[in-house]
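Data first, discussion second: the structure below is written as structure tokens.
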Amino acid sequence: DKVYESKKIELKWQDYWKKNNSFVTTEDHKPKYYVLEMFPYPSGKIHMGHVRNYSIGDVIARYKTMKGFNVLHPMGWDAFGLPAENAAIKHGIHPDIWTKQNIQDMKDQLSLLGLSYDWNREIATCNTDYYKWTQWLFLQFYKHDLVYKKESRVNWCPSCETVLANEQVVSGKCERCDNVVNKKLLSQWYFKITDYADKLLEDIDQLDGWPDKVKIMQENWIGKSEGAEIDFAIDGFDKKLKVFTTRPDTIYGATYMVLAPEHPYIDELINGTEYETSIKGFAHKLQHISDIDRTSAEAEKEGLFTGRYCINPITNKRIPIYVANYVLVDYGTGAIMAVPAHDQRDLDFANKYNLEVIPVIKPEDADDSFKITNEAYTNSGIMINSEEFNGVNSDEAFSKIAEKIEKLGAGKRTSSFRLRDWLLSRQRYWGTPIPMVYCEKCGTVPIKEEDLPVELPIDVKFTGKGLSPLTTSETFMYTACPKCGEKAKRETDTMDTFVDSSWYFLRYTDPKNSEEVFGKDKAKYWMPVDQYIGGVEHAILHLLYSRFFNKVLKVLGLVTFDEPFKNLLTQGMVLKDGAKMSKSKGNTVSPEEIIEKYGTDTARLFVLFAAPPERDLEWSDQGVEGCYRFINRVWRLVIESINNGYFSSAKDSEQKLDKDLKFKIHSTIKRVTDDLDTRFNFNTAISGIMELVNDLYKYKDADNNIIDGSLFKFGVETVVLLLSPFAPHMAEELWETIGYNVSVTTLDWPKYDEKALVKDEEEVIFQVNGKMRNKVLVPSDISEEDMKKLALENEKVVQVTEGKSIVKIIVVPKKLVNIVVK
Ligand code: ANZ
Ligand code: ZN
């Protein structure tokens, strides 16, 4: 007998697909389907998470192809980033060499998985023919006033003398040398993503095919608050203090003001006063504390009086101005009116510093003795202590007071976003160089488009010290100013790698274009991505940045659609012993070992069968064994049937056994198709196929059964085809063994016959006192009365009911009749 040799078969078909360009795609007249898995960082090794991600994508790609779609299924490399630079510092390998070697290694590992990628479309973000276009896009953003430079604070390790990424700072200390990390002011590049905050928020409504949790995460990240900006005059100072509040209804309860210690007015307000030194010291201390720590509810509220006062524009009351840790400079206006009665943070602060607390809203059912002590009242209610607004509901007062403020010219309704502009500068080598120069005469000047790419130089030193290693390359640093031709200095920062990944899905549609970022027609044909698949860890930044890029590209006229990803599937993690598989926990299972032992088809089947794709998946050796046994069982079914001539067996009359099998085959096609079409329920699809395999075995082994060869063959072939997206190598081999010489990848997905799904007979059970006495076939449309009659007349039933009196008869339509006797 031909035995199942996974390795031999898998290599054979991988080679076949490659030689026959089985997965190479071009635009054609068919409906298109673009399936995309988030491209990996080339760390050098694939792990089970990759296997899961890519297996999900591959099943979808293969299924949609068989359903008649023109499928685009590309793969590439998110190839810039810090690890390559660390390797250069540690081992002296150039990042370029390190990265390219890793890409080759990972490609070799990926090829073992038999994934249906169009490798002709492979891209790596570190290749000049890719990052040239990343730079080109940066210039378009610059032209449209969507990039700007601003001073901001970076993490700086004084002992390594280098800028650190946030993830390199571990509890305030440098990951490399364990010294305390400082902040340093650097002038850096930003994308104006906040210009698109409203649009990014609004269009979440279009994302029907996204998980709700991801949409909520995006919404919260953008964080829109509706409220008002109100101007407070400052006593003895000519500028007004603008605050942002979400609660204009509480303005009568504003008893003090708070500025962020970094607020631009601070200097003018306190210079030369007795408050200067302490406030500056306070601001300095706060530099090292993250925004999250400063604003958390638990954080101790701390602040200082500035010696200054504001005038409340509604009450004309004079109230003190403080600085405090819990007000941030870059949210709203960096200043607040504090209403301790109705805001917990303000109340904590007021209680600590003995500031006045005036309640202006009371619960509907509270009486006049309503007081605030340690808990702020944050709900709506009835207005009190608010002059003409007393007695009004606070929700109503919100608009009325906002109107009054507007009439007085003291402010206006507005909204504020939590979303910040996107800091894209990185003081690193291994990234896309920012295509700008600094000229003493002309200032900041963009590189001319025709001079792109600005290539990464080779002659850099990786010392781990100083600013970007690009500053160590003489050849790179100095160039001619694009405007005046004089000597100018290049920008030495590179771009955040999220820039590279914000448009790669577009480049796949036209990866080799050397004239344009991508052909508009090609993008129009393939985009948007019909199904995007990746980890939920990218639910916020990568997806938001990609959406932002897409919206800008639409304005630039390069794309025609609002949203780049129509459907999103966020796959769960792969766990072992209840914890995420990871090197640090030492609980990993190597894909290569599993493939060596059982074959890729088993590995793929297991990761798809063990859990629905969005859920976490617990690794189980028995589960893998089980999938391996199932594959062998399918294998034997086909080989045995061929060897024993089952497919050519003739039968002249149809029996119940045949009818049941036919029903099972068609209903399995329907079930698997539905599972794949709607929710990608791979696990239930696979168990459906397993059931059909069981029934095929039962059918062929049934006593006294003559096999209906053509029906049986139809059943077995259906199994092979339905399994082909999951276990493609085995399916190809079996298909060939059955006698066909076309690749399964070119075949149509099996269709079911609606008529075969209608059962015209049902099996009904007859019970007496709950005990089964007989099973009979009845017409599907039988009435309850007729069922009763048949049961009462049935020979086996009569044997036990004779001479007894019938108490009652229970009928479950199409299933059972139970006769209760005494
Ligand atoms: C007065 C007030 C009364 C406030 C009240 C709240 C409750 P969200 O919803 O998060 O946008 N705020 C404004 N700017 C701030 C800053 N830079 N740092 C810290 N806090 C700031 O919250 C907006 C509210 O947070 C604003 O409304 C302001 O306090 C505070 F009963 O103003 B509120
Ligand atoms: Zn110049």
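One table, with the values for the structure above:
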item: Condition check for Pro31: within 32 Å of the chain's Cα centre (by Cα), over 20 Å from Pro725 (Cα atoms) and modelled with pLDDT of 95 or more; result: no
item: Test: Lys597 is under 29 Å from Ser780 (Cβ atoms), over 24 Å from the mean Cα position of the chain (by Cα) and among the basic types (Lys, Arg); result: no
item: Candidate set: region 719-754, residues that are in a helix (DSSP H, G or I) and either in contact with a strand residue (DSSP E or B) (Cβ under 7 Å, 6 or more places away or on another chain) or of a type in the set (Asp, Glu) (or both); chosen: the one surrounded by the fewest Cβ atoms within 10 Å (Cβ to Cβ); result: Glu754
item: Which listed residue, of Thr246, Thr306, Thr277, is within 9 Å of ligand 1 (Cβ to nearest atom), assigned by TED's automatic domain parsing to the domain that holds Ile361 and not hydrophobic (A, V, I, L, M, F, W, C); result: Thr246
item: Given (1) in the same structural domain as Arg428 (by TED's automatic domain parsing); (2) at positive phi; (3) hydroxyl-bearing (Ser, Thr, Tyr), index of the condition Ser171 fails; result: (1)
item: Region 225-243, residues that are surrounded by fewer than 24 Cβ atoms within 10 Å (Cβ to Cβ) and within 8 Å of ligand 1 (Cβ to nearest atom); result: Ser225, Gly227
item: Some residue of region 141-156 being within 29 Å of Val445 (Cβ to Cβ), hydrophobic (A, V, I, L, M, F, W, C), within 30 Å of the chain's Cα centre (by Cα) and at pLDDT below 95; result: yes
item: Subset of region 46-80 (residues that are surrounded by fewer than 24 Cβ atoms within 10 Å (Cβ to Cβ), in contact with a Pro (Cβ under 9 Å, 6 or more places away or on another chain) and in a loop (DSSP other than H, G, I, E, B)); result: Ile46, His47, Gly68, Phe69, Met75, Asp78
item: Complete set of residues in region 388-437 that are buried (at least 19 other Cβ atoms within 10 Å of the Cβ), among the aliphatic types (A, V, I, L, M) and farther than 30 Å from Ser152 by Cα; result: Ala397, Ile401, Ala402, Ile405, Ala410
item: Residue, surrounded by the fewest Cβ atoms within 10 Å (Cβ to Cβ), within region 440-478, restricted to residues that are within 16 Å of ligand 2 (Cβ to nearest atom) and within 35 Å of the chain's Cα centre (by Cα); result: Pro446
item: Qualifying positions in region 341-364 - part of a helix (DSSP H, G or I), near ligand 1 (Cβ under 9 Å from one of its atoms) and buried (at least 18 other Cβ atoms within 10 Å of the Cβ); result: Arg345, Asp346
item: Unmet requirement for Cys481, which otherwise passes all of (1) more than 16 Å from ligand 2 (Cβ to nearest atom); (2) on the phi < 0 side of the Ramachandran plot; result: (1)
item: Residue among Thr378, Thr444 that alone is modelled with pLDDT of 95 or more, hydroxyl-bearing (Ser, Thr, Tyr) and either part of a helix (DSSP H, G or I) or farther than 27 Å from Lys465 by Cα (or both); result: Thr378
item: Residue within region 446-460 that is among the charged types (D, E, K, R) and within 16 Å of ligand 1 (Cβ to nearest atom) present; result: no
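To keep it simple, each residue is scored yes or no on (1) assigned to a strand (DSSP E or B); (2) at pLDDT below 95; (3) within 16 Å of ligand 2 (Cβ to nearest atom); (4) not aromatic (Phe, Trp, Tyr).
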{"residue": "Ala233", "(1), (2), (3), (4)": "yes, no, no, yes"}
{"residue": "Phe237", "(1), (2), (3), (4)": "no, yes, no, no"}
{"residue": "Leu241", "(1), (2), (3), (4)": "yes, no, no, yes"}
{"residue": "Tyr252", "(1), (2), (3), (4)": "no, no, no, no"}
{"residue": "Glu262", "(1), (2), (3), (4)": "no, yes, no, yes"}
{"residue": "Glu274", "(1), (2), (3), (4)": "no, no, no, yes"}
{"residue": "Ser278", "(1), (2), (3), (4)": "no, no, no, yes"}
{"residue": "His284", "(1), (2), (3), (4)": "no, yes, no, yes"}
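The values are calculated or read from the model by the stated rules, or taken from the named source; none is laboratory data. Remember, predicted model here, so these are calculated numbers, not experimental data. Every residue, glycine as well, gets a Cβ built from its backbone with ideal geometry; the counts of neighbours run over all protein chains shown.
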